1. Consider region 47-68. How many of its residues are within 17 Å of L106 (Cβ to Cβ), part of a loop (DSSP other than H, G, I, E, B) and among the polar types (S, T, N, Q)?
2. Hey, V77 hits all of (1) outside any helix (DSSP H, G or I); (2) within 16 Å of the ligand (Cβ to nearest atom) but one; which does it fall short on?
3. Among the residues of region 3-24, is any farther than 22 Å from S175 by Cβ and small (G, A, S)?
4. Looking at T166, T229, which one is touching a residue at least 24 places away in the same chain (Cβ under 8 Å), in contact with a strand residue (DSSP E or B) (Cβ under 7 Å, 6 or more places away or on another chain), at negative phi and within 16 Å of the ligand (Cβ to nearest atom)?
5. State yes or no: is T142 more than 13 Å from the ligand (Cβ to nearest atom) and touching a strand residue (DSSP E or B) at 6+ places or on another chain (Cβ under 6 Å)?
6. Taking region 250-275 as the search range and keeping residues that are assigned to a helix (DSSP H, G or I) and more than 13 Å from the ligand (Cβ to nearest atom), which one is surrounded by the fewest Cβ atoms within 10 Å (Cβ to Cβ)?
7. When you go through N117, N101 one by one, which is the residue that is more than 17 Å from the chain's Cα centre (by Cα) and assigned by TED's automatic domain parsing to the domain that holds A173?
8. Taking the condition touching a strand residue (DSSP E or B) at 6+ places or on another chain (Cβ under 6 Å), more than 13 Å from the ligand (Cβ to nearest atom) and closer than 16 Å to F82 by Cα, does F179 pass?
Amino acid sequence: MKKILVTGGLGYIGSHTVVELQNEGFEVVIIDNLSNSSIEVLDGITAIPNNQPLFIQDDLKNKNSIQDLFKKHPDIVGVIHFAASKAVGESVKKPLEYYHNNIASLIYLLEELEANNVRNFIFSSSCTVYGDADSMPITENTPYKPADSPYGNTKQMGEEILKFTTNATQIEAISLRYFNPIGAHVTAEIGELPIGVPQNLVPFITQTAAGIRDQLSVFGSDYKTHDGTAIRDYIHVVDLAKAHVVALQRLLRQGNKSNYEIFNIGTGKGNSVLDVIKAFEKVANQKLNYKLVARRPGDVTEYCADTSLANLELGWKAKMTLEEALDSAWKWQQKLIAKN
Ligand code: WQD
């Protein structure tokens, strides 16, 4: 079995990708410092049949640990790199922590790939690199806008580091620019586990529906959209996880057309906050308690992906609907309540 290192593999997207990798017959080593995840996620992964990844609790900023890891696992043929801090608001308050954590760990990791002649690298990027794009849908050629948060800037910098590093070394890389991941695994063994008050829309919705939060605040109802609320491209996290597997397989069979490629990973369909609320009410068969309030600073009016390049080159397309994603999120929330 081909062995893959997944950094941040106990995180939301990482854990779902670990499951899809093992479904495809890969052997998986996870490194995670548990700063934004919990060891329970490993129990969730192993509760899903045929999922027995090796877990190493460590921090990518510990350069010696990374060197030891590659010495212990010389048969690693690829790396999928999720480990990073990702809260936009927090990054504005703690820029140096974000640059240190997100950039230093990327550099240490790439140095070890080069030293150990590991060729295949998948980078977790984000639609955030586009900033407030002028036109929709967004293609991979849509130019960057100056980042409006250190988090978004670390994703832009990470992509630039890969562009120049792949030109100068044996490393071949693919960046996947995620739009808005939502939902949970069909088994409800793994899902989104926000720590504290959820920043993202869907976990706040499910926690409100579960009575954990009193009321959802809808940030902004005066955007230039069909109903005044902001639009995003919500993609089921399992569709997103599968995109990582096909991107890795592209590199492993040397199907990539250049040593650094970038793909938008979304559904190509935009939904407003009110669209999501209405879809959730239908799926959960209950009314959601929400109120319209002022815009959240830093939010853009719309993000929607043009995914034709990933469809064509990766042969990948999102399959699940908004309702299916919301249904899986609601089932996961109910499982969490039953467990506690
Ligand atoms: C979605 C919409 C909010 C919460 C973030 C990161 C981005 C990427 C994806 C990492 C917006 C509205 C939200 C709430 C609301 N992550 N909302 N009430 O901001 O589009 O993207 O996650 O790569 O980098 O910025 O996602 O879920 O926070 O917001 O009305 O309580 O829901 O204003 O319009 P966002 P989100």
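The values are calculated or read from the model by the stated rules, or taken from the named source; none is laboratory data. What you see is a predicted model; the values in this text were computed from it and never measured. Heads up, the Cβs are rebuilt from the backbone with ideal geometry, glycines too, and the neighbour counts pull from every protein chain shown.
1. 1
2. Unmet condition: (2).
3. Scanning region 3-24, I find no residue that is farther than 22 Å from S175 by Cβ and small (G, A, S), so the answer is no.
4. T229
5. No: the conditions fail for T142.
6. My answer is L252.
7. N117
8. no
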